[in-house]
Amino acid sequence: MQFRTLLKCIAASVFVASTLAVSDTSSQPYVEGFFNKSKSGHTNNWAVLVCTSRFWFNYRHIANTLSMYRTVKRLGIPDSNIIMMLADDVACNSRNIFPATVYNNRDRHLDLYGENVEVDYRGYEVTVENFIRLLTGRVAKETPRSKRLLTDDQSNILVYMTGHGGENFLKFQDAEEISAYDLGDAFQQMYEKKRYNEILFMIDTCQANTMYTKIHSPNILATGSSKLKESSYSHHDDPDIGVAVIDRFTYYVLELLEKVDMQSKATLKDLFDTYNYNLLQSTAGVRSDLFNRPLDQVLLTDFFGNVQNVELTEPKERSSSVAEDDDMTEEAEPTILESQKENNSQAIQQSQQQQQQQPQDHTFEIGDSSQSQTWRYAAFVTLSIVLGGVLVACSTVV
């Protein structure tokens, strides 16, 4: 009888241990999925949107930039993570018969200027020097946070530029130029300073594709509106305003992006596949040799949207030096990097302020699940057998 009782106890214990182990194993993917970063390895998104043209007849370039601004905001990137440079303010131009407005369509259904537009660099602040300083982080100490690109090695950055250009250069306000060499050097400095995880460089100008030929830094994907010796063209004009209101390349990019939301699975390959010479009247280009992910696995929201991931970090190890004790007490708590939707602007700003804090040295990681589950299962079984033997021994004594 005692032997049979012992066997029953052991069998019951093994069953309980197996159930607990299997249950814990099945929950492991959910835990890992919650804490893991996105597939691209980034935890935050930024956008740098640049219009380099002045004067009323370049109305379309301002509309291009404001259209892209509206799109990235709609897809979740908050103003705190958008740097917009507009070389002219056509909304207040005396020739504008619709004051304080900018439209990208002759039907004028959507005012791009609106009430919630934040221009960070305007007018004569839009210079080659300021643009390069912005990218490389070499700004003056008194520069406000709204004019700083506060990125790190986990930031995905969209850099969009539009204006008048030529072979290996882009004009700034008809007064100076940025060359393809300048741009390549700025990106190299960003790489050396660990200021990005991945960059999508998009440019809409004449001979645009020549502007990314001098880039040699890794994890940069580039696309442009026209090849060498080709012009980029406007899409249509507004007879009442009297000028073209948007460029062809930007128009057709936005046509696809308007169908995308924050949960979309559309990829950059889907976007690049829409490039059509008959529509663009120019040869759009893509350079992906520096990029380390297949384009059909890169979501549009990896650059045009905002991630919604969580990262937990552990505090730095306390120093044994008494002099450093006070400093260590001021250590930041684990930072939560989490974006919010556009309709809650106040929550977005608070979240992105937390995001600016530098992550601590030791990142929480989940260990080898297969190894830990094996040891856990063995521990359950051993403990069950021991408890079963103790129960039988006690019943015999009684």
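The values are calculated or read from the model by the stated rules, or taken from the named source; none is laboratory data. Owing to the predicted nature of the structure, the values given are computational and were not obtained by experimental measurement. Positions of Cβ are backbone-derived with ideal geometry, glycine not excepted, and every protein chain shown enters the neighbour counts. Accessible surface is based on the protein model in full, side chains and every heavy atom, while ligands, DNA and RNA are left aside. Shrake-Rupley method; radii C 1.70, N 1.55, O 1.52, S 1.80 Å.
Observations
- Residues that are surrounded by 20 or more Cβ atoms within 10 Å (Cβ to Cβ) and in contact (Cβ under 8 Å) with a residue 40 or more places away in the chain are absent from the stretch 92-100 altogether.
- Qualifying residue in the stretch 41-57 (condition: in a helix (DSSP H, G or I) and open to solvent by 10 Å² or more (accessible area, probe 1.4 Å)): yes
- Residue-level check: of (1) open to solvent by less than 30 Å² (accessible area, probe 1.4 Å); (2) at pLDDT 95 or above; (3) over 25 Å from residue 137 (Cα atoms), residue 310 misses just (2).
- Qualifying residue in the stretch 292-302 (condition: at pLDDT 90 or above, part of a loop (DSSP other than H, G, I, E, B) and under 28 Å from residue 51 (Cβ atoms)): yes
- Members of the stretch 111-146 that are open to solvent by 50 Å² or more (accessible area, probe 1.4 Å) and of a type in the set (Ser, Thr, Tyr): 124, 146
- Among the residues of the stretch 73-88, the one identified as assigned to a strand (DSSP E or B) and over 21 Å from residue 173 (Cα atoms) is 82.
- Taking the stretch 230-274 as the range and being in contact (Cβ under 8 Å) with a residue 60 or more places away in the chain, open to solvent by 50 Å² or more (accessible area, probe 1.4 Å) and assigned to a loop (DSSP other than H, G, I, E, B) as the test, the residues that pass are 239, 240, 242, 258, 261.
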